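First up is the structure itself, then whatever we jot down about it.
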């Protein structure tokens, strides 16, 4: 794309993001916690007691890894179920290395434009930022279910299987085990629940594989996957 088209795209999405901020403010969502359930395709701004105030439909677009400054689009992310992300967009790179967060914003705008998203939302964590597409942002109505933290194990299993596959294909998975390990260990949605301790333990052991030999990474990934499967079966 040319510089001029990039600038036009950024200007158009900057206006949309201003409209989103205004809409959320008008609906009483400023300062509230956000939650996303990608399996259900739902996004909430909610009160501390869990009551939803503003809701939307959502799909995962891409992630930006702080550790190695890379972009990974949802359709290329083996840890993401196809129903939670958008389909592949022809002509848009699924992976981008050595880039900035500003580049990730621009990439997310291109994907969002291609799939017809109404707005963008960046959901940050210590290890990465997830860029989500939002549709149909509106005030919560009676009957809109509140966010409920589901068991993480199906997602953990997909992530571990995806990392193991990357390792088998000869890729360096150091950034993946570090990033996902810290994400699992630092998960705040499940703090104070019975899921916190086992998820934190698994995440710590996954992150510890960053500098391990490849054979040790492979063996430990298999063991962690088996552990996640046992948790999922309970």
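A few comments on the model shown:
- The angle between the Cα long axis of helix 3-26 and the main principal axis of the chain comes to about 80°, on a 0 to 90 degree scale.
- Evaluating kT/(6 pi eta Rh) at 4 °C and 1.567 mPa s, with the Kirkwood radius of the chain over Cα pairs in the Stokes-Einstein relation, gives 69 µm² s⁻¹.
- The Cα-based radius of gyration and maximum Cα-Cα distance (Dmax) for region 3-139 are 14.7, 46 Å.
- Axis angle, to the nearest 10 degrees, between helix 101-115 and the longest C-alpha principal axis of the chain: 70 degrees.
- Between 133, 116, 29, the residue with the greatest mean-square fluctuation in the GNM of the chain (Cα pairs under 10 Å linked by springs) is 116.
- Protection-proxy order for peptides 43-50, 209-216, 142-149, each taking the mean of Cβ atoms within 10 Å per residue, highest first: 43-50, 209-216, 142-149
- The alpha carbon gyration tensor of region 153-233 gives principal lengths a ≥ b ≥ c with a/c of 1.5 or higher and a/b greater than b/c, which makes the shape prolate.
- C-alpha long axis of helix 153-168 to longest principal axis of the chain, angle in °: 70 degrees
None of the figures in this text is laboratory data; all of them are computed from the coordinates on show. This one's a predicted model, so the numbers in the text were calculated from it and none came from an experiment. Cβ: placed from backbone, ideal geometry, glycine included. Neighbour counts: every protein chain shown.
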